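Read-outs: derived from the displayed coordinates by stated rules, not from any lab. Bear in mind that the values here come from a model prediction, so they are computed numbers and not experimental data. Note that we place each Cβ from the backbone using ideal geometry, even for glycine, and neighbour counts take in every protein chain shown.
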Amino acid sequence: MRHLLDTKTLSRAAALRILDVAEDMADTQQREVKKLPTLRGKTVVNLFFEDSTRTRISFEAAAKRLSADVINFSAKGSSVSKGESLQDTAQTLQAMGADAVVIRHGASGAPRTLATSGWITAGVVNAGDGTHEHPTQALLDAFTIRKRRFGPDSRGRDLAGVSVTIVGDILHSRVARSNVWLLTTLGADVTLVAPPTLIPQDVSAWPARVVYDLDEAIAGGPDALMMLRIQLERMNAAYFPTEREYSRRWGLDARRLEALGADSIVMHPGPMNRGLEISAEAADSPRSTVLEQVTNGVSVRMAALYLLLAGAESGDDPRAGAEK
Ligand code: CP
């Protein structure tokens with residue numbers, strides 16, 4: 001794998017390879033193997049032009065657990081504020097020895113530009129670009145669903161027959177886009193639920209069903225109910241009902257939690273707006289996989305970095321050399 005830019009162009013085989021390697025990585029973490037020597041001598045740069053808690057720290061933990069060196073770059077406090085371009089910033093970091101660049105950027109398409117412009121030779125991983133995609137979030141979501149559905153060793157299995165309902169601010173959500181492409185590539189049935197103003201205009205080209213009524217969607221008993229953050233920072237009055245109205249009609253509260261099927265899981269990529277799209281009861285309930293998703297994210301990102309940097313097409317065991 002040269003880059004990981006999106007899930008729209010990720011094949012079923014490539015997606016399953018990442019999920020299966022992530023299983024291997026999760027095994028090592030469960031055996032309390034703190035570090036694998038796999039990426040010793042490699043340097044991973046976290047290049048973040050937008051804020052992040054989970055994704056940035058998860059990539060840092062993943063790289064360190066594979067013994068890579070990590071350089072963290074945040075646009076805040078850097079020479080970006082003096083007008084330095086993406087090209088000059090990236091080339092500066094490459095000159096310091098970057099083998100992989102993990103980039104989060106407010107502009108949709110920035111990771112692809114970095115990967116295809118010829119500015120740098122490092123592998124590029126998209127850690128979220130504008131409203132376009134967030135591929136490692138979707139991969140960790142698929143990993144979480146697969147593990148919950150098929151048990152601890154679900155290597156080789158896809159998500160055929162699994163139903164996933166994604167609720168909320170679909171319009172602005174790169175998480176929703178990456179999940180729609182990935183989950184359907186893996187065979188899942190995907191339903192989107194949102195106010196009409198928060199559904200993208202091109203949704204008819206997406207491989208997903210659209211429903212406007214959350215109670216109707218829940219009555220279908222999805223295997224996974226994925227609540228999305230309302231992106232208030234990108235919202236204007238034309239898109240959004242009042243917070244009170246949104247919460248009443250599209251929020252996951254205690255009543256709707258009760259109405260879900262007994263085996264349904266509740267997901268959220270974080271950060272959560274508690275009391276808006278999800279109540280505290282739902283976020284903290286035993287069906288919630290919110291923290292499990294965070295834990296799984298480290299394994300998935302270890303897998304992505306390994307496949308990017310270790311030339312793993314050879315089929316080598318990524319756990320080789322594991323030491324406690
Ligand atoms: N899920 C997610 O991308 O969270 P952060 O913005 O905290 O990275």
hull vol. (C-alpha, convex hull) per residue for the chain, Å³ -> 133 Å³
What distance in nm separates the simple spin-label points at residue 71 and residue 209, each placed 7 Å from Cα in the Cβ direction? 5.0 nm
Hey, fewest Cβ within 10 Å first, where do 181, 206 land in order? 206, 181
Please arrange 171, 252 by how many other C-beta atoms lie within 10 Å of their C-beta, fewest to most. 171, 252
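Are there any trypsin sites (Lys or Arg not before Pro) in the range 73-148 that are in a DSSP loop and have at most 12 other Cβ atoms within 10 Å? List them by number. Spell out each step's value before the answer.
Working: sites: 76, 82, 104, 112, 146, 147, 148; in loops: 76.
Sites meeting the loop and neighbour criteria: 76.
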Just to verify a number: FRET efficiency for residue 281 and residue 95, C-beta to C-beta distance, R0 = 45 Å, to 0.05? 0.30
I'd like the Karplus ³J(HN,Hα) series for the range 244-260: coefficients 6.51, -1.76, 1.60, θ = phi - 60°, whole numbers in Hz, and an x wherever there's a Gly or Pro. 5, 5, 4, 4, 5, 9, 10, x, 8, 9, 5, 5, 5, 4, 5, 6, 5
Would you look at the GNM of the chain, springs on alpha carbons closer than 10 Å, and say which of 202, 69, 88 moves the most? 202
Please give every one of the aspartates and glutamates within straight-line cross-link reach of residue 8, meaning a C-alpha to C-alpha distance under 13 Å, and leave out same-chain neighbours fewer than 8 residues apart. 133
Convert 20 °C to kelvin, take the viscosity as 1.002 mPa s, use the Kirkwood radius over C-alpha pairs of the range 195-324 as Rh, and evaluate the Stokes-Einstein diffusion coefficient in µm²/s, rounded to a whole number. 123 µm²/s
About its Cα centre, how strong a charge dipole does the range 135-292 have in debye, to the nearest 20, once Lys and Arg get +1 and Asp and Glu get -1 at the Cβ? 300 debye
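Shape verdict for the range 1-95, please, from the Cα gyration tensor: rounded (a/c under 1.5), prolate (a/b greater than b/c) or oblate. Write out the running numbers ahead of the final one.
Values: a/c = 2.20, a/b = 1.55, b/c = 1.42.
Judged from the Cα gyration tensor, the range 1-95 comes out prolate (a/c at least 1.5, a/b above b/c).
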Give the value in nm², to one decimal: projected area of the alpha carbon convex hull of the range 89-233, averaged over all directions. 10.5 nm²
Is it possible to state the helix-based mean residue ellipticity at 222 nm for the chain, with each DSSP H run of 4+ residues giving -39500 (n - 2.57), the sum divided by total residues, to the nearest 500 deg cm²/dmol? What is it? -11000 deg cm²/dmol
Quick one: compute the contact order of the chain, relative version, from alpha carbon pairs under 8 angstrom and 6+ residues apart, as a percent. 24 percent
Which of 199, 278 has the fewest other C-beta atoms within 10 Å, and how do the rest follow up to the most? 199, 278
